[in-house]
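Working notes, structure below.
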Amino acid sequence: MRSLERFLINLDNWPWSAIHRVALGLAIPPVFRALSGSRDSVWISLGLFIGLLVLLRLGPAVLRHALPFSVEAKQMWAARRNIAKLHDSYQWQKLFWIGLGLLPYAIIGDGLRHGELAVTLICLIGGSAGLFFWHRADAEISAS
C-alpha cells in the first residue's frame, strides 16, 4: 500500500479521525458566515450543514472511483462502509467531534449565532448518542 493510501486510511482511525473532524468543526463558522453573507438564519445554517455532509459523503466516493487505489485500500474502505450500513451510530458518532470543534466559538470570540448554535447542538447531542451506541456496538463486534 502506498504512503498516500496509508495516510488516507489512518485518517479515519483514532485519534486522527477525531482531530480532523474537530478541525472541520473549527472551520465551519467562518466558512458558513462567508457563504451566507453573514446572515444569521437557522435554516441557512442547517442547509449549509446538510450540504457539507453530502460533500463529505460524495467527495470520498468520487475520489475512490477516480483515482487508482490498491485493492487492499478499497477493501478496507468497503469494510468500513459495510459497518456504517449495519450501524447508524458509526456515522452519527462522527458528528460529536464536529460539534466539539464548533464549541469554542460558543465560548470565545463573538460567539455562535442562532443557526450555528442549532448545528452545534445537533452535532453534540446526536453525536453523543451515536458515540454511546457505537461503543456498545463496537464491543459486541469485538466480542464475536
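Here is how the numbers come out for the structure above:
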| read-out | value |
| --- | --- |
| Tensor-based shape of segment 60-108 (alpha-carbon gyration tensor, a/c under 1.5 rounded, otherwise prolate or oblate) | oblate |
| Net +/- balance of residues flanking Pro68 in space, Cβ distance below 11 Å, scoring K and R +1, D and E -1 | +2 |
| Answer label for Cα extents along the principal axes in Å (calculated), chosen among (i) 50, 33, 24; (ii) 46, 35, 23; (iii) 45, 45, 31 | (ii) |
| On Cα atoms only, tilt of 114-143 relative to the major axis of the chain in degrees | 20 degrees |
| Length added when fully stretched, Leu4-Ile141, from 0.36 nm per residue minus Cα-Cα | 46.5 nm |
| Simple spin-label estimate for Ser70 and Val31 in nanometres, 7 Å along Cα-Cβ | 3.0 nm |
| Ranked list, fewest to most other Cβ atoms within 10 Å of each Cβ, for Ile28, Ile9, Ile98, Ile19 | Ile19, Ile9, Ile28, Ile98 |
| Helix 42-66 axis, angle to the chain major axis (alpha carbon atoms, nearest 10°) | 20 degrees |
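Each value in this text was obtained by applying a stated rule to the coordinates, not by laboratory testing. Everything numeric here is computed off the predicted structure, so don't read it as measured data. Neighbour counts are summed over all protein chains in view; Cβ atoms, including those assigned to glycine, are modelled from backbone coordinates with ideal geometry.
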